[in-house]
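These notes concern the structure reproduced below.
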Amino acid sequence: MRKTLVVLPLAFIVTFFTAQTVRKPARAASVSAHLPSPAISALEKIEPEHIRAHVRFLSHDLLEGRGTGQRGGDIAAEYIATQFWLYGLKAAGDNGTFFQKVPLVGNTPAPETTFELAPNKGEALRLKPLDEYVAYDETQNSSSDIDADIVFVGYGIEAPEYQWDDYKGVDVRGKVLLMLVNEPPSNDPNFFKGPALTYYGRWTYKYEQAARKGAVGAILIHKTDMASYPWEVVRNSNSGEKEYLKSDEPSLKAASWIQLEVARKLARDAGMDIDKMMVDAQSRNFHPVALPVRLKAHMVSKIRQITSNNVVAMLPGSDPKLKNEAVIYTAHYDHLGIRPDMPGDNIYNGARDNATGCGMLLELARVFAQSPARPRRSILFASVTAEEQGLLGSEYLGKHPPVPAGRISLDLNFDDVPPLGEPQEVEVSGAERTNFYPTVEATAQEFRLAIRPDSHPEAGHYYRSDHFSLARVGVPSFSINEGMKYKGHTSEWGMQQAEEFTNKHYHQPSDEYSPSMDFRGDSAIARFGFALGWEAASQPKLAGWQKGDEFEKARMQSEGAGH
Ligand SMILES: [Zn+2]
């Protein structure tokens, strides 16, 4: 239905862009004025229909949902490597190949697993897997037993910079920690960044912190408004095989979620009130509460060693010295794979999530490679694996980058860019935390894209895609996506589309390709990303974080190590 309304707005943008920035260099104040005409003619070659072709193929049923460690995922990686090779890019993986091996351990909870909440008095409650709880044994062992006291630790956060400590020095070694997702609610920007979510609010932090404290298990209480996604998302991302990076770090025998109703019943049976406890947890004076309940679990897992690959290519820079530095583009190619045991459509095609980002990355790689002129720094293109498993491919890439992290100026990531037509807004959440932001603002203006602030800072999207893995090693990083306003539609329409996708298709088998998809927006965002990458690869200095940012320290460390 949207196919009929094309009136060359992209051509308009480019004409505007070209006219303003090249033919009239008088606009020297604008940062994009530095973009040379070969860069502009290269970005003009980015084609929506090329992106469509990649999305159509990568989300085809034959690729079986591109599961990590599954055949379909490997075919996707091979396809991406083949494209890089066709474009004439340099292989930047292991031993002169496009592949960087990522060692993983696959863990499938076995049906013999039992998970019981046993009150000191009365009968144990055996929970139903997937309906009432989800749990993984993170120790990478095939079986573990737990019989331990449950302690409610509120948000499970220890954050000295906000004078917040839910543990209060209580020894939780050998215990199972019951906790809330998210962080204490606040509108004060100096307290956990107000309504925005910090890393302390993410479930990954909660598990990591519980393990560091010596706990044997963690149980997160799922409450839809706090988690910002429904139980089905927890269920779908926590059923079947789950992968972990091979590691010797401390880990939990049970990393789990339960439904709020189960927590409510558990507390009630123990003569307690979970709703009141959740309110108490919002206070700085909160103190851990021992429950008269034990977790008795027999965790049985099917373990397999998996090797999956990041696909990495490089376009060497034109400057003899600066080519040792780089700008990196990332987009994950993996999705949730196929669930052979599931009736009906059991292929998680992941058309939007994230065949779209891969299509954009490939199209960027093509036009960069075919450009007769090159930016001074090198450009890296990394299509990473195991994002859906917890940003594992990018975590590995961040720890083993082809160019030292301290010499990577910027990471621009694409993840789930809706094929809904022409955007009039762009989202670059996290860019404002870097000193590259003025360039982002000026470029957005040239592209006539209004910068839309993060619509849901409370959802912590910044910590939920691959750029975060690069930020953790200090690289200024952010994702680029469309906002909510599209040409010919109101912002409300855009919001409705986003909501509908989240509720009906996000991480569901119905995230499928359809010929009615309109890739002009993906193309416009790729062009915008091209301009930013070119700028970052040409500026005299590497990009950095704003003073006091949570990643500034990591940047200083990696810069020290990289030189
Ligand atoms: Zn996803």
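The values are calculated or read from the model by the stated rules, or taken from the named source; none is laboratory data. In this text, all values refer to a predicted model and were calculated from it rather than measured experimentally. Here the Cβ positions follow ideal geometry from the backbone for every residue, glycine too, while neighbour counts run over all protein chains shown. Only protein heavy atoms, including side chains, enter the accessible area calculation; ligands, DNA and RNA are left aside. Shrake-Rupley method; radii C 1.70, N 1.55, O 1.52, S 1.80 Å.
Considering each residue of the stretch 159-176 in turn, at least one proves to be of a type in the set (Lys, Arg) and touching a strand residue (DSSP E or B) at 6+ places or on another chain (Cβ under 9 Å).
For (1) β-branched (Val, Ile, Thr); (2) in a loop (DSSP other than H, G, I, E, B); (3) at pLDDT below 95; (4) at negative phi, each residue gets a yes or a no:
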{"site": "LEU295", "(1), (2), (3), (4)": "no, no, no, yes"}
{"site": "ARG304", "(1), (2), (3), (4)": "no, no, yes, yes"}
{"site": "VAL311", "(1), (2), (3), (4)": "yes, no, no, yes"}
{"site": "MET314", "(1), (2), (3), (4)": "no, no, no, yes"}
{"site": "GLY317", "(1), (2), (3), (4)": "no, yes, no, yes"}
{"site": "PRO320", "(1), (2), (3), (4)": "no, yes, no, yes"}
{"site": "LYS323", "(1), (2), (3), (4)": "no, no, no, yes"}
{"site": "GLY344", "(1), (2), (3), (4)": "no, yes, yes, no"}
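Tally time: how many residues in the stretch 389-418 are within 16 Å of the ligand (Cβ to nearest atom) and assigned to a loop (DSSP other than H, G, I, E, B)? Number satisfying all stated conditions: 8. Taking ALA386 as the residue in question, decide whether it is touching a Phe, Trp or Tyr at 6+ places or on another chain (Cβ under 9 Å), within 16 Å of the ligand (Cβ to nearest atom) and open to solvent by less than 30 Å² (accessible area, probe 1.4 Å). So ALA386 fits the description; yes. Looking only at residues in the stretch 425-439 that are surrounded by 21 or more Cβ atoms within 10 Å (Cβ to Cβ) and touching a strand residue (DSSP E or B) at 6+ places or on another chain (Cβ under 7 Å), the one that is farthest from TRP545 (Cα to Cα) is VAL426. Taking the stretch 172-201 as the range and being open to solvent by 20 Å² or more (accessible area, probe 1.4 Å), among the charged types (D, E, K, R) and in contact (Cβ under 8 Å) with a residue 12 or more places away in the chain as the test, the residues that pass are ARG173, LYS175, LYS193. Taken over the stretch 309-340, the criterion of being free of Cβ contacts under 8 Å to residues at least 24 places away in the same chain and either within 16 Å of the ligand (Cβ to nearest atom) or closer than 30 Å to PRO109 by Cα (or both) is satisfied by PRO340 alone. Listed by first and then second residue, the pairs linking a residue in the stretch 503-520 that is more than 15 Å from the ligand (Cβ to nearest atom) to a residue that is among the acidic types (Asp, Glu) and open to solvent by less than 30 Å² (accessible area, probe 1.4 Å), with Cβ atoms under 6 Å apart and 6 or more places separating them unless they lie on different chains, are ARG520/GLU422. The residues of the stretch 330-350 that are among the hydrophobic types (A, V, I, L, M, F, W, C) and within 16 Å of the chain's Cα centre (by Cα), listed by number, are ALA331, LEU336. When ARG352 is tested against the conditions (1) assigned to a helix (DSSP H, G or I); (2) more than 13 Å from the ligand (Cβ to nearest atom), the lone failure is (2).
Of the residues making up the stretch 474-502, those that are of a type in the set (S, T, N, Q) and within 16 Å of the ligand (Cβ to nearest atom) are SER479, ASN481, THR502. The condition (being out of contact with any Phe, Trp or Tyr (no Cβ under 7 Å at 6 or more places or on another chain), open to solvent by less than 60 Å² (accessible area, probe 1.4 Å), in a strand (DSSP E or B) and under 21 Å from GLU243 (Cα atoms)) is satisfied by just one residue among THR108, THR139: THR108. Here the condition is being touching a helix residue (DSSP H, G or I) at 6+ places or on another chain (Cβ under 8 Å), open to solvent by less than 20 Å² (accessible area, probe 1.4 Å) and among the hydrophobic types (A, V, I, L, M, F, W, C); of ALA442, ALA459, it holds for ALA442 alone. Looking at the structure I just gave you, is SER371 at pLDDT 95 or above, open to solvent by 30 Å² or more (accessible area, probe 1.4 Å) and closer than 19 Å to ALA531 by Cβ? Considered against the rule, which asks whether it is at pLDDT 95 or above, open to solvent by 30 Å² or more (accessible area, probe 1.4 Å) and closer than 19 Å to ALA531 by Cβ, SER371 comes out as no.
Is it true that ALA263 is part of a helix (DSSP H, G or I), in contact with a Leu (Cβ under 8 Å, 6 or more places away or on another chain) and at pLDDT 95 or above? Here the answer is no, as ALA263 does not meet what is asked.
Can you name the residue in the stretch 419-438 that is assigned to a loop (DSSP other than H, G, I, E, B), more than 23 Å from TYR199 (Cα to Cα) and touching a helix residue (DSSP H, G or I) at 6+ places or on another chain (Cβ under 8 Å) and is also nearest to the ligand (Cβ to nearest atom) among such residues? For the stretch 419-438, the residue satisfying everything is PRO419.
Kindly indicate which of ALA459, ALA471 is within 16 Å of the ligand (Cβ to nearest atom), of a type in the set (A, V, I, L, M) and farther than 25 Å from MET517 by Cα. One residue alone meets the criteria, ALA459.
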